[in-house]
Amino acid sequence: MSVSAAPRRGTLRVPLGLLVPAVLGLAFLALPLAGLLLRAPWSTLPQRLAQPGVLTALRLSLQTATIATALCLLLGVPLAWLLARVEFPGRRVVRALVTVPLVLPPVVGGVALLLVFGRRGIVGRWLAGTFGITLPFSTAGVVLAEAFVAMPFLVIAVEGALRGADTRYEEAAATLGARRWTTFTHVTLPLVAPGITAGAVLCWARALGEFGATITFAGNFPGRTQTMPLAVYLALETDMKAAIVLSLILLTVSVAVLAALRDRWITSP
Amino acid sequence: MTERPALLDAHLIVDLGGFRLDARLRIAAGEVVALLGPNGSGKTTALRALAGLRPLTSGYLRLGGREMDRPDRPLWTPTEHRSIGVVFQEYLLFPHLTALDNVAFGPRRHGVPRREAREQAARWLDRVGLSGYARRKPRYLSGGQAQRVALARALAVAPELLLLDEPLAALDAGTRLDTRGELLHHLTDHPGATLLVTHDPLDALVLADRLVIIEHGRVVQEGDAATVTAQPRTDYVARLVGLNLYRGKATGHGVEVDGVTLTTADPLTGDAFVAFRPSAVALHRQRPDGSPRNTWPAVIAGIQRHGDNLRIQLTGPIPVAADVTQAAAAHLQLAPGQHVWAAVKAAETHAYPAAP
């Protein structure tokens, strides 16, 4: 901060020590995206988009990410409620367990899923023997892998929203005769709806980009388990330009969805 | 009140670590009782215990002849199964519901079909004068309107016990005056028991049939407004009603308080209270003589404006507040630190036994 130059009235001077790293950080995040745009084969883009494999992978990615998000909502919101509202022994351990998939390398997650849900796994053997269901190397397996990796994002976001919500509204509901389940559905959920939406968006974005757990647990079968990130990785080995095109699509779709949701829900007061 | 059977009959004992609430409350049907006390006296704890938002440590809580909370049995009725309505201090209207749906929330939970619940809610909104605001979300209501919606919401379940937690505290002065009048009208109509928790003596005096005064978790005085204001039993109550209050030993026609003998008009012996108005205290530069007065030397500790007069805080053998006119103050050239003589006529004092 220079002392000699008189600061302009009403403006906050930004210290260089903060400004320089901030600009570098922005460049670091934005340059690879710019590189993707610069190197894209714009002239052959329409033909490449029309290739059958591209749309199939995109559709599979969107479907599995959405189903995985729905699964996470179904299981994750009650889990978040439990963590936020119920005192029980070992709650800290449970919270730590929930965050494990965040720090676990996704490939390791995939291996762990195989050990449990694989044909020889504890749950997998029972599922196969009793219902004839095999999860690994199936579309359901993709959903499972994505949900495993993405659910912590939802749980953490919703738990935070629940902790921030004013529990006195729930007390008010009880004084009006509402039982706990009714209070949850009619008061708590609407109050934390913005938090749930934000968590679901994070969860969906993470599921859409999932690679490691998916390829380990579900494999890489076009039309069945080959999602966009897997298709990108595969294309990278044979056709660099195809990989760029696939990446661009993934980027466009996710940015478009996030932007649409942001305008509609997340920024609401 | 004892003639009427109590709809609410409770002995509330709640231990909160360093604080203990121990208060008996009986409220008859149609009766409005104000629970009045300073901050931290246990008013809110009492309200939460009655609502079932905090269990009793011991004692009992009977509402409409049924046990709600009885730790020694043990019997417990959760909040949602108690016949109560609560108006919270900050109203706590559900922000995602319209005024109408907020009021219909209670009837719906009590099994009233949706359409009928909304019709009931509309009638309640009409009764509190807000029929035009049914579709508004709480954030588009003024403080006074939100208070009335909260009242309608609490009354819509026809509660046996209506609980109001500082219902006017969040309002500005002008709105408070109007809303207090409205509230009085609705509380008079309410057939159940009503408990009004407040630290504002005016709310209590205007709205309640009976006052229960609580300090440090204990009931220190109760009775109708006239009795409480005429014969305060603690400094807090005396300050509320604007009286000087002393406790001492009565010896026939005098009460000895901290070395000063106050001659009183009421013959009395034993532990006694003496009360007198600040306007009954006269101040003199020299010791007055000749008249049958209580006099003692005092020092002016502070001077404040009090209505049209000045209120003089005096220290000395007994602390006392005196009201003098501006003219008298100018004439006596009163200033902080100055030594004066305080005098009170025996006929202006009121002595009564300290034992209840």
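Values in this text are rule-based calculations from the coordinates and carry no lab data. Predicted, not measured: the structure shown is a model, and the values here were computed from it. Heads up, the Cβs are rebuilt from the backbone with ideal geometry, glycines too, and the neighbour counts pull from every protein chain shown.
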Normalised Cα Rg of region B:122-257, dividing by 2.2 N^0.38 Å with N its residue count, works out at 1.33
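Taking 0.36 nm per residue of separation and subtracting the Cα-Cα distance, what length does fully extending B:R305 through B:T234 add?
23.1 nm
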Region B:159-220 and region B:61-91: distance between their alpha carbon centers, rounded to Å: 20
Residue-count net charge about B:R305 - beta-carbon cut-off 13 Å; Lys, Arg +1, Asp, Glu -1: -1
Convex hull (Cα only) mean projected area of region A:5-113, reported in nm² to one decimal: 15.2
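Arrange A:F184, A:F131 by Cβ neighbour counts within 10 Å, fewest through most, would you?
Numbers: A:F184 17, A:F131 8.
Taking fewest neighbouring Cβ atoms as first place, the list is A:F131, A:F184.
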Can you tell which of B:A327, B:A230, B:A275 shows the greatest fluctuation in a Gaussian network model of chain B with Cα springs below 10 Å? B:A327
Can you tell me what the convex hull of the Cα atoms of region A:196-269 projects to on average, as an area in nm²? 5.6
At q = 0.11 1/Å the base-10 log of I(q)/I(0) from the Debye formula over the alpha-carbon atoms of region B:25-131 is -0.47
B:H81: net charge of surrounding residues, Cβ under 11 Å, Lys/Arg +1, Asp/Glu -1, itself excluded? +3
At each listed q (0.19, 0.27, 0.29 Å⁻¹), what is the log10 of I(q)/I(0) that the Debye formula gives for region B:158-197 modelled as equal alpha-carbon point scatterers? -0.57, -0.95, -1.02
GNM result for chain A, Cα springs below 10 Å: residue of A:R163, A:R48, A:R92 fluctuating most strongly: A:R92
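Can you compute the equivalent ellipsoid semi-axes for chain A, i.e. the square root of 5 times each eigenvalue of the Cα gyration tensor, sorted largest first and rounded to whole Å? Write down the numbers at each step before the final one.
Values: eigenvalues 233, 228, 62 Å².
Output for chain A: semi-axes of 34, 34, 18 Å.
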With an 8 Å Cα cut-off and a minimum separation of 6 or more residues, compute the relative contact order for region B:19-173 in percent. 26
Among A:W204, A:W126, what is the fewest-to-most ranking by other Cβ atoms within 10 Å? A:W126, A:W204
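Order of B:L168, B:L184 from fewest to most other C-beta atoms within 10 Å?
B:L184, B:L168
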Cα extents of region A:67-126 along the principal axes, largest first, in whole Å, come to 37, 24, 23
Among all helices in chain A defined by DSSP H, which have a length of 18 Å or more along the axis from Cα atoms plus a Kyte-Doolittle mean of at least 1.6? A:16-39, A:240-261
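Cβ neighbours within 10 Å, averaged per peptide: list B:31-38, A:176-183 in order, most packed at the top.
On the way: B:31-38: 24.1, A:176-183: 18.6.
Top of the packing list down: B:31-38, A:176-183.
Hey, got the average number of other protein chain Cβ atoms within 10 angstrom for residues in A:163-169?
Partner-chain Cβ atoms within 10 Å, mean over residues of A:163-169: 2.
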Chain A: relative contact order as a whole-number percent, Cα under 8 Å and 6+ apart: 27
Any lysines with Cα under 24 Å of the B:K249 Cα? List them, leaving off those in the same chain fewer than 8 positions away. B:K345
Under a crude label model (7 Å from the Cα following the beta-carbon direction), how far is A:L49 from B:R218 in nanometres? 8.3
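Return a whole-number percent for the relative contact order of chain B, with Cα pairs under 8 Å and 6 or more residues apart as the contact set.
In percent, rounded to a whole number, it is 16.
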Residue among B:Y236, B:Y140, B:Y246 with the largest mean-square fluctuation in a Gaussian network model of chain B, springs linking Cα atoms under 10 Å: B:Y140
Over region B:242-353: Kirkwood hydrodynamic radius from C-alpha pairwise inverse distances, Å: 14.1
Put one equal scatterer on each alpha carbon of region B:6-238, apply the Debye formula with no solvent term, and list log10 I(q)/I(0) at q = 0.10, 0.15 1/Å to two decimals. -0.45, -1.01
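Using the Kirkwood radius over Cα pairs, work out the Stokes-Einstein diffusion coefficient for the protein assembly as shown at 4 °C and 1.567 mPa s, in µm²/s as a whole number.
42
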Label-to-label distance, nm, for residues given as A:Q63 and A:A27 (7 Å Cα→Cβ offset): 4.5
Measuring from a point 7 Å past the Cα of B:E256 along Cα-to-C-beta, which residues in region B:309-336 have an amide N at less than 20 Å? B:316-319
